[in-house]
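Working notes for the structure below.
The values are calculated or read from the model by the stated rules, or taken from the named source; none is laboratory data. The structure displayed is predicted, hence computed values, not measured ones. FYI the Cβ positions are ideal-geometry reconstructions off the backbone, even for glycines, and counts take in every protein chain you see.
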Amino acid sequence: MFGTFQQSHLRIEVEATAAQLSRSLLHPDSFKQWLAPQSFSDPLPSRLQTDTLYSSSLGPVRIDHRVVVADETQLKMLLSGAIDGFHHWQWGDGWVQSRLEGITLLPLSLAHSASLVRLQQYLKAQS
């Protein structure tokens, strides 16, 4: 893999319960909305589970995901393709944190920050 090792750790407050965050992060029908304009491989299950495999892409940039943990308070995925690394989400009532690490040519911190802002806006619109 080409690129540099990058890492980004973010924690934000959100106007949402842990159950709302779980739906937004574990259910493809929800995360497809707030991660637009990314596209996702089909078929995706109704809920992410351990060992779920899927791909996301934004134009020519493709990232393959393998879910290693998926429960009511966390989601951890191994990433390959445009990012070789991992993405770990944790959440509770009123907060969400995300840790993204990997080797990539992409501006990881910028993309990471933008995705959390989109999640925050999506949750605000849902309430």
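Restricting attention to the stretch 92-108, and to residues there that are of a type in the set (A, V, I, L, M) and either on the phi > 0 side of the Ramachandran plot or at pLDDT 95 or above (or both), which single residue is surrounded by the fewest Cβ atoms within 10 Å (Cβ to Cβ)? Step by step, filter the stretch 92-108, then rank; the result is 103. Residue pairs whose Cβ atoms lie under 9 Å apart, separated by 6 or more positions or on different chains, with the first residue in the stretch 105-127 and within 16 Å of residue 63 (Cα to Cα) and the second aromatic (Phe, Trp, Tyr), are 105/2; 115/34. The set of residues in the stretch 56-73 that are crowded, with 18+ Cβ neighbours inside 10 Å and of a type outside the set (A, V, I, L, M, F, W, C) comprises 56, 64, 65. Of the residues making up the stretch 76-104, those that are within 15 Å of residue 56 (Cα to Cα), of a type in the set (A, V, I, L, M, F, W, C) and in contact with a Lys or Arg (Cβ under 7 Å, 6 or more places away or on another chain) are 77, 78, 82, 86. Among residues of the stretch 68-84 that are hydroxyl-bearing (Ser, Thr, Tyr), those with a beta-carbon under 7 Å from a residue that is not in a strand (DSSP E or B) at least six positions away or on a different chain give the pairs 73/18. Among the candidates 46, 30, 8, 22, the residue that is small (Gly, Ala, Ser), part of a strand (DSSP E or B) and at negative phi is uniquely 8.
Every listed requirement among (1) closer than 17 Å to residue 118 by Cα; (2) surrounded by fewer than 16 Cβ atoms within 10 Å (Cβ to Cβ); (3) touching a Ser or Thr at 6+ places or on another chain (Cβ under 9 Å) is met by residue 89 save one, (2).
Look through the stretch 22-55, keep the residues that are exposed (fewer than 13 other Cβ atoms within 10 Å of the Cβ) and hydroxyl-bearing (Ser, Thr, Tyr), and return whichever of them is nearest to residue 125 (Cα to Cα). Outline the logic, then answer.
Restricting attention to the stretch 22-55, the residues satisfying the condition of being exposed (fewer than 13 other Cβ atoms within 10 Å of the Cβ) are 29, 36-37, 42-43, 45-46, 49-51, 53.
Pick out the ones that are also hydroxyl-bearing (Ser, Thr, Tyr) and you get 46, 50.
Numbers: 46: 22, 50: 29 Å.
Ranking the candidates gives 46 first.
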